[in-house]
Amino acid sequence: VQLQASGGGLVQPGGSLRLSCVTSGNIFSGSDVGWYRQTPGKQRELVAAMTSGGVRKYLDSVKGRFSISRDNAKKTVFLQMDSLKPEDTAVYYCNMQWAFRNYWGQGTLVTVSS
């Protein structure tokens, strides 16, 4: 199983980005998926997650600004990020959990700066 994240980049405060993570294999529809982020010297934190049944949860600081979604037919998970703030700057990683195993993408850098 491989995960390929994309969509990061440089954006001004208040701007938007949409991250995508395309997965391989045949376990996507039965997997829980999520996006994590990490900055230097800090632990990786969960930003948003979505179960195979469609239940979503978010980090408090991104509620109302970020939205996670999934397309099971395309085996892809998305993270729509609006009203971005400088503190959202990080490397974002997609994650997939199935049968007690974790799968990770390679990370995509999001930089929020004027």
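Values quoted throughout were computed directly from the atomic coordinates according to the rules given, and no laboratory measurement underlies them. In this text, all values refer to a predicted model and were calculated from it rather than measured experimentally. No Cβ is skipped: glycine too gets one built from the backbone with ideal geometry, and neighbour counts run over all protein chains shown.
Tabulated values for the structure
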| item | result |
| --- | --- |
| Charge dipole (the chain, unit charges on Cβ, about Cα centre) - positive-most of Tyr36, Val77, Ser52 | Ser52 |
| Set of lysines near Lys85 by C-alpha distance (under 23 Å), chain-local residues within fewer than 8 positions excluded | Lys42, Lys57, Lys63 |
| Net dipole in debye of the chain [+1 Lys, Arg Cβ; -1 Asp, Glu Cβ; about Cα centre; nearest 20] | 140 debye |
| Pairwise centroid distance, computed over Cα atoms, of segment 1-40 with segment 53-114, Å | 5 Å |
| Among Val33, Val11, Val47, residue whose mean-square fluctuation peaks in a GNM of the chain (springs only between Cα atoms under 10 Å) | Val11 |
| Mean Cα-pair separation over length for the chain, i.e. relative contact order, pairs under 8 Å, 6 or more apart, % | 37 percent |
| Derived scalar couplings ³J(HN,Hα) [segment 69-83; Karplus, 6.51 cos²θ - 1.76 cosθ + 1.60; whole Hz; x for Gly, Pro] | 8, 9, 10, 5, 5, 9, 6, 10, 10, 10, 9, 8, 10, 10, 6 |
